[in-house]
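To keep things clear, I will list the structure first and then write my remarks on it.
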Amino acid sequence: MPVTQTVPAAARMFLSGNDAVARAVWEAGTRVAAAYPGTPSTEILEVLSRYPGLHTEWSINEKVSMEVALGASMVGARAFCAMKHVGLNVASDALMTMTVTGTEGGLVIAVADDVGMSSSQNEQDSRYWGRFAHVPVLEPADSHEAYAMTLAAFELSERLKSPVILRLTTRICHVKGVVQTGERIEIEPAGFVKDPRHWVMVPGNAKPRLPSMFEREAAARAEAEVSPLNFQVDGSDRRIGFVTSGPTFMHVREAFPDAPVFKLGLSCPPPLESLRRFAATVDTVLVVEETEPLLETEMKAAGIACHGKDVLPRIGELAPDVLEPAVRRLRGEAVPEPEHVPAQQVFPRPPTMCVACPHLGVYYTLSQMRNVIISGDIGCYTLGAGHPWNALDTCISMGASMGTALGMDKGRGKVDANKKVVAVIGDSTFMHMGMQGLLDITWNRGNVTVLLLDNRAVGMTGGQDNPGTGRDIHGNETARVDFAQLCEALGVKKERIHVVDPYELPVLFKALREETKIEEPSVIITNRPCVLIDHYQPAKSYTVIEDRCTGCGNCVEVGCPAIHVTRRDKVVKASGKEVDLSFVRIETSACTGCGLCVQPCAPEAIVHADPVQSVQSVQFVRK
Amino acid sequence: MSQITNILVCGVGGQGVMTATEILAEAAISLGFDVKKTEVAGMSQRGGVVTSHLRFGKVVLSPQIVPGEADLLIGFESAEALRWSHMLRPGGVALVNSGRIVPPIVNLGLFDYPEDPVAKMRALGLTVHAFDATTIATDLGNIRLGNTVMLGACADHLPFPAQVLRDAVLARFGTRKPHLVEANRQAFEAGRQAVGGDALAA
């Protein structure tokens, strides 16, 4: 059980959508809540882990988190799991049979779509899962609704004996609003009932259960027609009636305050008869749904004429500044020129690796290697695809670096025969879905060198613990995975496994050069922690002796954001070749003394700052 | 629409943009306003672009400020203020830290940092109050006070008294870091004075 903390009493609170879901999950008397971190859903479990009276966990992947939740539901407890949109792809194997068994204790699956793609590899629409799995989907429009619909979802789940999907988007998860909260109810689980026909999904048991999915769906549809979660806002301007799902309700109300709106909360199965009646009261219907034309297609199939993706974009958020011109065009009106200043061209500012990030050493080394194909994965180290390293060639899905590397090795022709295949994967991603891929590499004798970057954290989502840290979601000690032993157990020869310090560039380079020459699976594990986690120990910071800097720019190639170019120049060498020079300084207050930039500096211009300055994170930087 | 106040805070991941907006939101909530705040976080912790939208009024619907509707643009970094200047409504005000954070992409010589972002904004006809929050904070003895300097600078540009925001700032430190209350009080006042505001009685 988690460390008991003082829980804020029922009050008017300023909560993000994620905070609000967490609060409601706790109030609903949930006993088990599990998740794998993923933007924009991560904070739900982080917040929930601070509430008392329930088991919370980071699971190793979303599928396991969903199975943990299902197990709790089987014994009659209320259960919850959360994930980002792509996480539900991983968990879908469990979902697609869980919908056949149904559930006992209320089971709610929160899935957060990254509409606008702030931090994901695709923009898929999770509302499809409701149709695919025949389970209800609830779509809140703000924090208050996220709270209320989470509570409603547990009740609906228990009424229908079905998992319920709570579909969030970035613009719900990461928006704060005022929410009136309540108190927790305690529910004693009814207990597990042994019943193979219910829980053992062999064909003979599963087949008779299939009709239950459709009966349940019919019941949900009937409920959607009368549910207070689906309602109509009247309006005097009946030229266009809007049908909205999720956060678009707020955008439509903002942009068109006088228009009638049909607001869907329980949006799957859609209340088609109510929508038909609504359509009859307006001149034209416009369906405002982000990404896929799902409701639009269903309404058209039901014979309800409407507009949708013919006038609205299929990609990204449908905020008021997107809606207004589109609706004007639909009405046949001119779109006025904006009165504000036009958007200014400013350099891009892509995310960077942190000062002293151990991945810097890895990517600096990879960027120095020739004839190498680098299969990448999902995490901070995906940034290795950017400048100055340009040392990551693929990024697909969690753990994909393994399988794609093997496929490249097996499929390559003459043109790639002399290339080395390297796979780069982080500790948490490796345990999430990479281990199986490595096993496939060893089993099928792949010629792949795996770089396993163990920074002891789920870095990109904020440094959460994982089985490699030896700490659970509460920071308490637990079993810890030994990656070298794990890789050996997966079939990598002991002499092909190296644990190296990524701050020691010559050691890392030697290990990589040697292992890529040997035509069998090998694993190089780097062992420096993420600089953002509490356990990171900064060292003495560095500075540049201006007189010694020759402007060679080698340190700039490391890619550390604490290194700044102060002056550029050009020189013509004896050979006649023109060379660019970059003279540098180090932001000493940001430097944590990893020493990576010192190593490629030939003139020894980088030395420890003296006197030692206090070490601070990058905050305000002087001109 | 007109009763809603729209504040856009922008900067670079790690600067404290979201915390500053949170404090502004707390001040608005303390007066009973309906408040919504949103940002695109995601990968922004890694030195990327960060914007935080704050809207408050009687009832707030959409959490997003659309281009040309921000009453106030608070730029924690010069080039970021320029990047988001199209969000200001005609007649809106920009409060800009003249300090710069130069990203690796500029250090590598792939892009140029604008010569003078504040001058560019003024040339566009925008009302800009620029000040060096970094130096003000450093002169007060702690570079981390820059955040409070920025909040002080916007205190006299809000539809409520400066004292409400100052109370919200100090309330934060009062419980978490009481030894920093006085330093933050000074930083807040220094920020106000940097844009021509009068001192509040302590």
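So the values come out like this:
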| read-out | value |
| --- | --- |
| Filter result for B:ALA70 (out of contact with any Gly (no Cβ under 9 Å at 6 or more places or on another chain), touching a residue at least 24 places away in the same chain (Cβ under 8 Å) and of a type in the set (A, V, I, L, M)) | no |
| Any hit, the range A:54-68, residues being touching a Lys or Arg at 6+ places or on another chain (Cβ under 7 Å), touching a residue at least 60 places away in the same chain (Cβ under 8 Å) and outside any strand (DSSP E or B) | no |
| Matching residues in the range B:26-60 - criterion: being touching an Asp or Glu at 6+ places or on another chain (Cβ under 6 Å), of a type in the set (A, V, I, L, M, F, W, C) and crowded, with 21+ Cβ neighbours inside 10 Å | B:VAL60 |
| Residue in the range B:14-33 that is without any contact (Cβ under 8 Å) to a residue 40 or more places away in the chain and farther than 25 Å from A:ILE172 by Cα present | no |
| When residues of the range B:159-185 are limited to those that are basic (Lys, Arg) and in a helix (DSSP H, G or I), the one nearest to the other protein chains (Cβ to nearest Cβ) | B:ARG172 |
| Yes/no for A:HIS564 being part of a strand (DSSP E or B) and away from chain B (no Cβ under 14 Å) | no |
| Residue, surrounded by the fewest Cβ atoms within 10 Å (Cβ to Cβ), within the range A:34-50, restricted to residues that are free of Cβ contacts under 8 Å to residues at least 60 places away in the same chain and more than 19 Å from A:HIS85 (Cβ to Cβ) | A:ARG50 |
| The range A:498-519 - residue that is over 30 Å from the mean Cα position of the chain (by Cα) and over 14 Å from A:VAL422 (Cβ atoms) and, of those, surrounded by the fewest Cβ atoms within 10 Å (Cβ to Cβ) | A:PRO506 |
| Filtered residues of the range A:567-600 (kept if more than 14 Å from every other protein chain (Cβ to nearest Cβ) and surrounded by 22 or more Cβ atoms within 10 Å (Cβ to Cβ)) | A:CYS591, A:CYS594 |
| Among the residues listed as A:GLY265, A:GLY246, the single one being under 25 Å from B:VAL59 (Cα atoms) and more than 14 Å from every other protein chain (Cβ to nearest Cβ) | A:GLY265 |
| Options A:GLU298, A:GLU273, A:GLU317; residue that is closer than 26 Å to A:VAL175 by Cβ, surrounded by 14 or more Cβ atoms within 10 Å (Cβ to Cβ) and not assigned by TED's automatic domain parsing to the domain that holds A:THR169 | A:GLU317 |
| Within the range A:74-121, tally of residues that are closer than 21 Å to A:MET149 by Cα and within 14 Å of chain B (Cβ to nearest Cβ) | 6 |
| Residue match in the range A:485-494 (condition: exposed (fewer than 14 other Cβ atoms within 10 Å of the Cβ), outside the structural domain of A:GLU43 (by TED's automatic domain parsing) and among the polar types (S, T, N, Q)) | yes |
| Any helices (runs of 4 or more DSSP H) falling wholly within the range A:123-209 and containing at least 1 residues that are within 31 Å of the chain's Cα centre (by Cα) | A:127-133, A:143-160, A:170-173 |
| A:VAL7 vs. criteria at negative phi, at pLDDT below 95, touching a helix residue (DSSP H, G or I) at 6+ places or on another chain (Cβ under 9 Å) and part of a loop (DSSP other than H, G, I, E, B) | yes |
| Extreme residue, nearest to the other protein chains (Cβ to nearest Cβ), among residues of the range A:323-337 that are assigned to a loop (DSSP other than H, G, I, E, B) and among the hydrophobic types (A, V, I, L, M, F, W, C) | A:VAL335 |
| Single residue of the range B:1-24 satisfying the filter (hydroxyl-bearing (Ser, Thr, Tyr) and away from chain A (no Cβ under 12 Å)) that is surrounded by the fewest Cβ atoms within 10 Å (Cβ to Cβ) | B:SER2 |
| Scope the range A:338-377; condition touching a Cys at 6+ places or on another chain (Cβ under 9 Å), at negative phi, more than 12 Å from every other protein chain (Cβ to nearest Cβ) and in a loop (DSSP other than H, G, I, E, B); matching residues | A:GLY376, A:ASP377 |
| Elements of type strands (runs of 3 or more DSSP E) contained in the range A:219-314, each with 3 or more residues being farther than 26 Å from A:THR150 by Cβ | A:284-288 |
| Filter result for B:ALA28 (more than 9 Å from chain A (Cβ to nearest Cβ), touching a strand residue (DSSP E or B) at 6+ places or on another chain (Cβ under 6 Å) and under 19 Å from B:VAL128 (Cβ atoms)) | no |
| So A:VAL327, is it aliphatic (A, V, I, L, M), at pLDDT 95 or above and touching a Lys or Arg at 6+ places or on another chain (Cβ under 9 Å) | no |
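Residues checked against (1) within 18 Å of A:LEU45 (Cα to Cα); (2) away from chain B (no Cβ under 14 Å):
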| site | (1), (2) |
| --- | --- |
| A:LEU138 | no, yes |
| A:GLU145 | no, no |
| A:GLU158 | no, yes |
| A:LYS161 | no, yes |
| A:ILE172 | yes, no |
| A:GLY177 | no, no |
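The values are calculated or read from the model by the stated rules, or taken from the named source; none is laboratory data. Just so you know, these numbers come straight off a predicted model, no measurement behind them. So basically every Cβ, Gly included, is an ideal-geometry build from the backbone, and we count neighbours across all protein chains shown.
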